[in-house]
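Have a look at the structure below before the remarks.
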Amino acid sequence: MQRWLSRVPVTKDFPPDFAATLGGEASLFIIEMTTAPGCLPCADLWAKLAQYSRHYHWQVRTIGGDEALLRSGRLGLPWVGHPVAWIRPVADADRIIPIAIGTDHGVNLARNAYLAAKMLTGVRPAVGLRAMARFTGIVGAVDRVGATVRSSR
């Protein structure tokens, strides 16, 4: 798993309101994730979300696979198994955005939480997705054959 994660781009550039947004939105959102006994990516993701929770004071809790299956269906996504992490407003269980499928680097999870919070508070999804492309390191990444991948912005 660590070998796989070493190939995942790490977010290095953050918007100026990143920390203020995440700290200020703590009471409005909750992170929920699925887990299963003996699941190594689940344990890794849980540890990173717990660290995120300590730093930004967001509530993190687990949900069952049945609930995750329903959520995936509502979004038209296939159920891929554990873990999946979602962000939703505390007061609205039906407005959900997945932020991780499997595990990821802690900074990437924070970036995804930031973008989900922005989208759930009124930023148009297209703007959020462009920001994700800008801050993920995917733009300008090198593909398997060595060609530079360009953004379609």
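The values are calculated or read from the model by the stated rules, or taken from the named source; none is laboratory data. Everything quoted here is computed from the prediction, not taken from an experiment. Every residue, glycine among them, receives a Cβ derived from its backbone with ideal geometry; neighbour counts consider all protein chains shown. The protein model used for the area step is the full one, side chains on, heavy atoms only, and it has no ligands, DNA or RNA in it. Shrake-Rupley method; radii C 1.70, N 1.55, O 1.52, S 1.80 Å.
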Any trypsin sites (Lys or Arg not before Pro) in the stretch 42-104 that lie in a DSSP loop and have at most 15 other Cβ atoms within 10 Å would be R95
Per residue, accessible area of the stretch 1-138 with a 1.4 Å probe, heavy atoms of protein chains only, in Å², comes to 53
Rg (one decimal) and Dmax (whole number) from the Cα set of the stretch 1-104, in Å, equal 14.1, 39
Taking placed amide H atoms and a strict 5 Å upper bound, the residues 5 or more places from I30 or on another chain that come that close are R88, V90
The set of residues whose placed amide H lies less than 5 Å from the amide H of I99, leaving out same-chain residues fewer than 5 positions away, is A85, W86, I87
In whole Hz, the Karplus estimates of ³J(HN,Hα) for the stretch 96-105 (6.51, -1.76, 1.60; θ = phi - 60°; x where Gly or Pro) are 10, 9, x, 10, 7, 10, x, 10, 7, 5
Rounded to the nearest 0.05, FRET efficiency between Q51 and T121 (Cβ-Cβ, R0 22 Å) equals 0.40
